[in-house]
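The values are calculated or read from the model by the stated rules, or taken from the named source; none is laboratory data. Since the structure is predicted, the reported quantities are computational estimates derived from the model, not experimental observations. FYI the Cβ positions are ideal-geometry reconstructions off the backbone, even for glycines, and counts take in every protein chain you see. Just so you know, the surface numbers come from the protein's heavy atoms only, side chains and all, with ligands and any DNA or RNA stripped out. Shrake-Rupley method; radii C 1.70, N 1.55, O 1.52, S 1.80 Å.
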Amino acid sequence: DQVRALIDLVERTELNAIVVDVKGDRGWLAYPSQVPLAQELGVAIGGLMDIREFLRLCKERGIYTIARLVIFKDSPLAFGHPELAVTNADGTVWTDAKGAGWANPFRQEVVDYNIAIAVEVAQMGFDEIQVDYVRFPSDGDVTTIAYEEAENTMENRTAAINGFLER
């Protein structure tokens, strides 16, 4: 199986870590989350191997494990709860150049959701959590975006991202 082959590769070479997309850039989770919003959205699609079994195998071999979590680029959250999405001025969900929806970094519910997932993943026993897409969208026509929560300025966007990272 693919995952066991990767673990074996790390074990027999100078490699020492494996990064796993636990929350990928499409917003899906590689494990069955207990976070209520994740359960409501039905975002647990599983991975190539049970995460706990993966972690057990890596710990046995001294392999450092890194969970990658994509934060604000999140189609299931954006389309499942449009009120939590980055939207166009007409209220429709804004999509990037690849058709992905983004969760609104100004919304506390979005921040809380992602922090709950990060805590849950940390409690599984990963050695490190790598957060990705911790930013406002930029890949598409951002001129149509309208935020109700705050004026769309660099200062406000920076404050929202810094607030997330501080928490």
Task: Positive-end residue, the chain charge dipole about Cα centroid, Cβ charges, pick of LEU57, ALA97, ASN152 - done: LEU57
Open item on the list: Between SER138, SER75, SER33, where does the largest GNM mean-square fluctuation fall for the chain, given springs only between Cα atoms within less than 10 Å?
Closed with: SER138
- [ ] Please sort by residue number the GluC sites (Glu not before Pro) in the stretch 117-167 whose DSSP state is loop and whose Cβ has at most 13 other Cβ atoms within 10 Å.
- [x] GLU148, GLU149, GLU151
Task: Amide proton proximity set for VAL131, modelled H, under 5 Å, gap of 5+ - done: LEU69
Open item on the list: Within the stretch 1-41, what whole-number % of the accessible surface is contributed by carbon and sulfur, with the 1.4 Å probe and all protein chains included in the calculation?
Closed with: 52
Task: Cleavage-rule hits (trypsin sites (Lys or Arg not before Pro)) in the stretch 1-88: DSSP loop, at most 16 neighbouring Cβ within 10 angstrom - done: ARG26
Task: Expected-Rg normalisation [2.2 N^0.38 Å, Cα atoms] applied to the stretch 33-99 - done: 1.51
TODO: Quantify, in whole percent, the carbon and sulfur part of the accessible surface of the stretch 109-155 (1.4 Å probe; protein heavy atoms only).
DONE: 48
Open item on the list: Compute the distance from the alpha-carbon center of the stretch 128-167 to that of the stretch 35-105, in whole Å.
Closed with: 16
TODO: For the chain, report the accessible area per residue in Å² (1.4 Å probe, heavy atoms, rounded to an integer).
DONE: 53
- [ ] Quick one: dipole size for the stretch 1-127, taken about the Cα centre, charges +1 on Lys/Arg Cβ and -1 on Asp/Glu Cβ, in debye to the nearest 20.
- [x] 200
- [ ] For the chain, would you read off the P(r) tail past 21 Å as a percentage of all alpha carbon pairs?
- [x] 49
TODO: Treating cross-link reach as a plain straight distance, find the lysines whose alpha-carbon is under 18 Å from the alpha-carbon of LYS73, omitting any fewer than eight places away in the same chain.
DONE: LYS23, LYS98
Open item on the list: List the GluC sites (Glu not before Pro) within the stretch 1-97 that DSSP assigns to loop and that have no more than 12 neighbouring Cβ atoms inside 10 Å.
Closed with: GLU14
Open item on the list: Can you return the aspartates and glutamates within cross-link range of LYS59? Criterion is Cα-Cα under 17 Å, with same-chain partners fewer than 8 residues away left out.
Closed with: ASP8, GLU11, GLU14, ASP50, ASP127, GLU128
TODO: Measure nothing fancy, just the Cα-based angle from helix 108-124's long axis to the longest principal axis of the chain, in degrees from 0 to 90, nearest 10.
DONE: 0
